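These notes concern the structure reproduced below.
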């Protein structure tokens, strides 16, 4: 965390401004992520508490809300070790990462070769570059692994994907300097989150139907049992005095789980579907323990 005494005070978010401070204005997600919150960003931003201590995001993904807020104290986490390593490298070794990304090419043969690499056999910078490269060149920017934790999304066949964007990566690196990034399960919030902290939870969504389930962002599934465990963590942190905001799909199951909290339906565009007629705006829920 930043040792500057002025930055250890309560984070204050200028809601009237509608944007982060000027030096962080270009900070934005450097990864495409299924379920990412760029579509809902302005709506989420208006629901953020006006002041809080530490910002927590335990289902990190693309980190759209984090980059938009640019908080002065944050703890970011995810169970996806590839993703966490990538954020850590962007934070600490962004120039070496940029040089490594320049080695990659938008060619199917190269894509298949990189996809076959075992990430744990690479050094952290190579591993981070692999993830960004696959994310920019695979179909729909989708992250999906099988039960053996092997990335299995096909080549995207894009004409000119931006594999390396130094401006975006450097801006992300600057914003990440005030954040701790760690590979943890959401339950670790119970051990560290404090009263006055703000926690944004964006878990894998509850499926809208029995055939719509997609929770394979890591080899660990996120089904009903995990949704219930998350609700219990939400309740415990509410009793502790934390401010909580959660996104999920608009299903009766989720509405029932969080029936004692503030539930607001919103419309969001979802484009990751192989069938064009199933893309478009759908109802999602924003759930808060405050008004």
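Computed from the coordinates by the stated procedures, all read-outs in this text should not be read as laboratory data. Just so we're clear, the structure is a prediction, and the values are computed from it rather than from any experiment. We place every Cβ from the backbone using ideal geometry, glycine too, and count neighbours over all the protein chains shown.
Observations on the model:
- D (Stokes-Einstein, µm²/s), Kirkwood Cα radius, region 86-173, 1.002 mPa s at 20 °C: 163 µm²/s
- Ratio of Rg to Rh for region 150-206: 1.09 [Cα atoms; Kirkwood radius as inverse mean 1/r over pairs].
- Spatial offset of region 53-122 relative to region 161-184 amounts to 7 Å, using the alpha carbon center of each.
- Relative packing of peptides 152-162, 55-65 - highest average C-beta neighbours within 10 Å first: 55-65, 152-162
- Computed lengthening from residue 282 to residue 256, 0.36 nm per intervening residue step minus Cα-Cα distance: 7.5 nm
- Between residue 144 and residue 225, the FRET efficiency estimated from the beta carbon spacing at R0 = 22 angstrom works out to 0.55.
- Neighbour counting of Cβ atoms within 10 Å sorts the residues 117, 245, fewest neighbours leading, into 117, 245.
- For the peptides 70-79, 104-113, residues were scored by their other Cβ atoms within 10 Å and the scores averaged per peptide; the highest-first order is 70-79, 104-113.
- Kirkwood Rh, angstrom, region 40-133 [1 / mean 1/r, Cα pairs]: 15.1 Å
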